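The structure appears below as structure tokens.
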Amino acid sequence: MTSQVDYDFSLSNKVAVITGGASGIGAAIAAAYAAKGATVVVLDKALDAAQQMVSQGSAAAAIGCDVTSEQSVAKAVSAVNKQFSRIDVLVNSAGIAVTGAAEELTLEDWDQTMAINLRGAFLVSQHVGRVMLAQGAGTVITLASQAATIALPGHVAYCASKFGVVGLTKVLALEWAGRGVTANTISPTVVMTPLAKELWDNPEGEALKAQIPTGRFAEPEEIAAVAVFLASDAAKMINGVDLLVDGGYTIR
Ligand SMILES: NC(=O)c1ccc[n+]([C@@H]2O[C@H](COP(=O)([O-])OP(=O)(O)OC[C@H]3O[C@@H](n4cnc5c(N)ncnc54)[C@H](O)[C@@H]3O)[C@@H](O)[C@H]2O)c1
């Protein structure tokens with residue numbers, strides 16, 4: 001593996017499963033993967049929106065799936081494997097952000113955040129990971145956040161869940177790489193998707209933006225560009241990394 005690197009980062013002949021692929025960052029990754037030649041399957045709770053990804057050419061198939069439910073995940077992963085015979089790339093993008101002061105956050109909000117962001121990433125990684133380990137190849141990419149490196153006020157559950165997915169990913173990276181399966185996280189700063197608009201489209205958002213060395217938030221396509229690289233064969237030596245796409249927000 002010296003001169004064999006594909007600097008075009010082609011994803012042709014790869015089957016990619018993207019949870020939360022019906023909106024925001026997941027949708028941008030789906031479109032980018034499809035443009036790079038991958039066969040994309042969107043798994044999302046929002047089936048109608050996922051099906052729109054198929055009609056607009058960003059996905060080959062859409063499956064309704066609740067990542068918090070083992071039954072739902074097992075059924076979806078088995079359907080993908082049956083239809084496409086393999087899974088080369090998993091992107092865990094399904095996630096929510098519920099905010100509230102630590103002393104006031106309800107247990108319900110805590111549990112829901114953990115169920116989707118952490119348990120969901122684990123469940124899908126476990127089920128897809130079994131397919132990848134059986135074929136001896138694959139890569140798992142999970143959306144963490146800058147909130148997996150630094151504390152954000154009002155984000156006690158979100159930060160805990162995102163620090164959690166970084167830990168989860170490092171263990172997958174350690175246990176699976178010897179069998180051909182790598183795992184990494186991507187950690188964006190704010191990206192103005194439906195998830196972020198509610199939280200950051202306000203004076204607090206402007207104040208946060210002013211502290212980002214590049215002076216702006218990230219675009220979904222900039223996260224997709226990183227996800228293309230990590231899914232490509234050129235990134236096979238990258239394992240257990242938390243790749244920050246935060247304009248330098250966390251360096252100080
Ligand atoms: N937008 C940001 O500023 C930002 C920054 C850092 C990290 N992230 C992370 O990136 C990921 C994607 O965020 P986004 O901004 O694109 O969000 P989004 O709200 O635009 O999209 C999230 C998608 O996940 C789906 N989803 C939610 N619960 C689900 C469940 N139980 N099962 C299956 N699908 C479910 C939704 O239907 C939606 O399509 C999240 O993990 C988020 O924490 C986002």
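General remarks:
- Residue list for the range 210-242, filter: more than 15 Å from the chain's Cα centre (by Cα), assigned to a helix (DSSP H, G or I) and surrounded by 15 or more Cβ atoms within 10 Å (Cβ to Cβ): ASP233, ALA234, ALA235
- Taken over the range 105-160, the residue count meeting the criterion of being farther than 22 Å from LYS14 by Cα and in contact (Cβ under 8 Å) with a residue 60 or more places away in the chain is 7.
- Some residue of the range 140-155 being surrounded by fewer than 22 Cβ atoms within 10 Å (Cβ to Cβ), over 30 Å from GLU104 (Cα atoms) and touching a Gly at 6+ places or on another chain (Cβ under 8 Å): no
- Inside the range 140-182, residues that are farther than 18 Å from GLY100 by Cβ and touching a Lys or Arg at 6+ places or on another chain (Cβ under 8 Å) make up a count of 3.
Each value in this text was obtained by applying a stated rule to the coordinates, not by laboratory testing. For clarity, every value in this text was computed on a predicted model and none was experimentally measured. Note that we place each Cβ from the backbone using ideal geometry, even for glycine, and neighbour counts take in every protein chain shown.
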